[in-house]
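K.L.:
My structure is below; once you've seen it, I'll send some questions.
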Ligand code: AMP
């Protein structure tokens with residue numbers, strides 16, 4: 001199954017992506033994680049991405065799209081994947097559609113995690129991650145950067161909701177509640193996809 005997980009920063013995409021991908025038996029591909037690994041590994045890609053990430057801006061499409069295309073060509077992703085954090089612009093979505101079409105595939109479903117903005121700010125300012133055995137705040141989770149990332153989301157990524165709705169691919173999921181409750185809603189939405197196959201006649 002080929003699935004995109006859409007939603008603002010702080011909606012719980014990373015957590016849900018891991019769980020849902022595990023249930024589907026496909027790899028979770030997180031562009032944010034790939035960028036962060038490249039930043040800590042001080043690769044050329046990491047150096048290019050870092051300035052944008054620190055500012056809470058999107059890394060330019062050409063860098064991101066090429067990186068995702070390479071990742072999806074790896075053998076574990078040829079049978080399916082769950083994308084977390086990509087696409088984030090209409091241009092990225094169009095490029096993804098083209099790359100998949102070249103391989104004779106398309107997306108099966110887009111899940112949008114819906115959380116209101118007050119809750120997002122609350123979650124992001126309290127969020128910590130484990131680095132070298134210590135719980136630290138991500139540089140781009142600092143309050144001023146959080147506000148900017150939410151604005152970037154509203155302006156550049158939120159339009160994807162309508163884009164995928166028009167394609168009949170979108171399921172909106174209430175992402176407030178316990179992790180397991182949100183997973184159950186997502187799995188429900190994916191389960192109904194089997195019945196969505198175009199009819200044979
Ligand atoms: P995330 O972990 O998904 O919140 O991503 C962290 C940061 O990585 C973002 O704020 C962007 O700077 C960058 N990033 C991740 N995914 C993308 C993408 N699809 N397009 C552009 N930049 C991205």
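K.L.:
Applying the selection to the stretch 84-125, what residues are in a strand (DSSP E or B) and either within 16 Å of the ligand (Cβ to nearest atom) or buried (at least 20 other Cβ atoms within 10 Å of the Cβ) (or both)? Spell out how you get there, then give the answer.
P.N.:
Taking the stretch 84-125 as the starting set, the residues that turn out to be in a strand (DSSP E or B) are 84, 109-114.
Matches in the stretch 84-125: 84, 109, 110, 111, 112, 113.
K.L.:
Let me ask another. Considering only residues that are in contact with a helix residue (DSSP H, G or I) (Cβ under 9 Å, 6 or more places away or on another chain) and over 17 Å from residue 75 (Cα atoms), look in the stretch 16-25 and name the one that is farthest from the ligand (Cβ to nearest atom).
P.N.:
The residue in question is 23.
K.L.:
Consider residue 70 against the criteria (1) farther than 14 Å from residue 34 by Cα; (2) more than 10 Å from the ligand (Cβ to nearest atom): it satisfies all of them except one. Which criterion is unmet?
P.N.:
(1)
K.L.:
Just to be sure, is residue 10 more than 18 Å from residue 188 (Cβ to Cβ), crowded, with 18+ Cβ neighbours inside 10 Å and within 13 Å of the chain's Cα centre (by Cα)?
P.N.:
On the way: more than 18 Å from residue 188 (Cβ to Cβ): yes; crowded, with 18+ Cβ neighbours inside 10 Å: yes; within 13 Å of the chain's Cα centre (by Cα): yes.
Answer is yes for this residue.
K.L.:
In contact with a helix residue (DSSP H, G or I) (Cβ under 7 Å, 6 or more places away or on another chain), assigned to a loop (DSSP other than H, G, I, E, B) and touching a residue at least 12 places away in the same chain (Cβ under 8 Å), is that true of residue 79?
P.N.:
No; evaluated as a whole, the condition is false for this residue.
K.L.:
For the stretch 25-35, which residues satisfy the criterion of being in contact with a strand residue (DSSP E or B) (Cβ under 9 Å, 6 or more places away or on another chain) and buried (at least 17 other Cβ atoms within 10 Å of the Cβ)?
P.N.:
Answer for the stretch 25-35, where residues must be in contact with a strand residue (DSSP E or B) (Cβ under 9 Å, 6 or more places away or on another chain) and buried (at least 17 other Cβ atoms within 10 Å of the Cβ): 26, 27, 28, 29, 30, 31, 32.
K.L.:
Right, here's the next one. Could you give every pair whose Cβ atoms fall below 6 Å, whose first residue belongs to the stretch 19-38 and is closer than 24 Å to residue 57 by Cβ, and whose second residue is part of a loop (DSSP other than H, G, I, E, B), counting only separations of at least 6 or pairs across chains?
P.N.:
30/85; 31/85; 31/86; 32/85
K.L.:
Restricting to the stretch 83-108, count the residues that are farther than 19 Å from residue 61 by Cα and touching a helix residue (DSSP H, G or I) at 6+ places or on another chain (Cβ under 6 Å).
P.N.:
Qualifying residue count for the region: 1.
K.L.:
Let me ask something else about it. When the stretch 26-58 is examined, which residues are found to be away from the ligand (no atom under 14 Å from the Cβ) and more than 17 Å from the chain's Cα centre (by Cα)?
P.N.:
41, 42, 43, 44
No value in this document is a laboratory result; all are computed from the given coordinates. As the structure is a computational prediction, the values presented were derived from the model and not from experiment. A quick note on method: Cβ atoms are made from the backbone with ideal geometry, for glycine too, and the neighbour counts reach across all protein chains shown.
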